[in-house]
Amino acid sequence: MTAALAIKHDLAHPLETVELLASRNEWFVDRSADDEINMIVAGSWTDLHLSLNWNAQLEGLHLACSFDLKVPEGRRDEIVRLVALINEQLFFGHFDVWRNEGSLMFRNSLLLTGQADLNEAQCEALVHTALDACERYFPAFQYAIWAGKTAEDAIRSSLLETVGEA
């Protein structure tokens, strides 16, 4: 039993790997608790706010990524429809609408059961999956919220691939 505890003690805390990634990318980091880290990443459209939480009992790392975009009450049903259309396109993670607050969030988790270490590639993939999804679909959310477009119109606009530069 003592050997098993010693091995578990030698494993790096998963959030240390997240801190390394943030440091390498010069992102703002706040380690608000032993099992929670918050970061701000400058996106193309807006700043992205990431919160990563480690749950030792579940041996899981949870990521939540939000941006400064509130959904007015009158547009929430359409945004919920848009979130459903977007989530159909995603292989990892999903968007949520917090209906009471009107906030949008991308969420994903990584299980590290069996006392697995979080390696840098896994950490980078988890974070970049969130950043990429938020960057890709932010314009669709804006289109539906501020231009009053339907979920279908908004998703079509976000799926256009641009070529070259203007």
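The values are calculated or read from the model by the stated rules, or taken from the named source; none is laboratory data. The shown structure was predicted, so the numbers you read here are calculated from the model rather than taken from an experiment. Every residue, glycine among them, receives a Cβ derived from its backbone with ideal geometry; neighbour counts consider all protein chains shown. To get the accessible areas, we keep the full protein, side chains included, count just its heavy atoms, and leave off ligands, DNA and RNA. Shrake-Rupley method; radii C 1.70, N 1.55, O 1.52, S 1.80 Å.
Could you tell me whether Gly114 is at positive phi and open to solvent by 30 Å² or more (accessible area, probe 1.4 Å)? Against the criterion (at positive phi and open to solvent by 30 Å² or more (accessible area, probe 1.4 Å)), Gly114 qualifies. Looking only at residues in region 67-94 that are part of a strand (DSSP E or B) and open to solvent by less than 30 Å² (accessible area, probe 1.4 Å), the one that is farthest from Arg136 (Cα to Cα) is Leu69. The listed residues are Asn55, Asn100, Asn108, and the only one of them that is of a type outside the set (A, V, I, L, M) and farther than 21 Å from Ala22 by Cα turns out to be Asn100. Applying a threshold of 6 Å to beta carbon distances and a minimum spacing of six or more residues, or different chains, the list of pairs starting in region 12-26 at a residue that is part of a helix (DSSP H, G or I) and open to solvent by less than 20 Å² (accessible area, probe 1.4 Å) and ending at one that is modelled with pLDDT of 90 or more and of a type in the set (Val, Ile, Thr) reads Leu15/Ile37; Val18/Ile37; Ala22/Val29.
Restricting attention to region 127-144, does a residue exist that is touching a residue at least 40 places away in the same chain (Cβ under 8 Å) and loosely packed, with under 13 Cβ neighbours inside 10 Å? Checked region 127-144: no residue is touching a residue at least 40 places away in the same chain (Cβ under 8 Å) and loosely packed, with under 13 Cβ neighbours inside 10 Å. Do we have Asn53 as of a type in the set (S, T, N, Q), in a strand (DSSP E or B) and modelled with pLDDT of 95 or more here? It is true that Asn53 is of a type in the set (S, T, N, Q), in a strand (DSSP E or B) and modelled with pLDDT of 95 or more. When you check Ala121 against the structure, is it of a type in the set (Gly, Ala, Ser) and at pLDDT 95 or above, yes or no? In short, no. Taking first residues from region 95-117 that are in a loop (DSSP other than H, G, I, E, B) and partners that are acidic (Asp, Glu) and open to solvent by 70 Å² or more (accessible area, probe 1.4 Å), the Cβ contacts under 8 Å between residues at least 6 apart in sequence or on separate chains come to Gly102/Glu73.
Residues are listed down the side, and each one gets a yes or a no for (1) modelled with pLDDT of 95 or more; (2) open to solvent by less than 70 Å² (accessible area, probe 1.4 Å):
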| position | (1), (2) |
| --- | --- |
| Gln57 | no, no |
| Cys65 | yes, yes |
| Arg99 | no, no |
| Ala154 | no, yes |
| Glu161 | no, no |
| Glu165 | no, no |
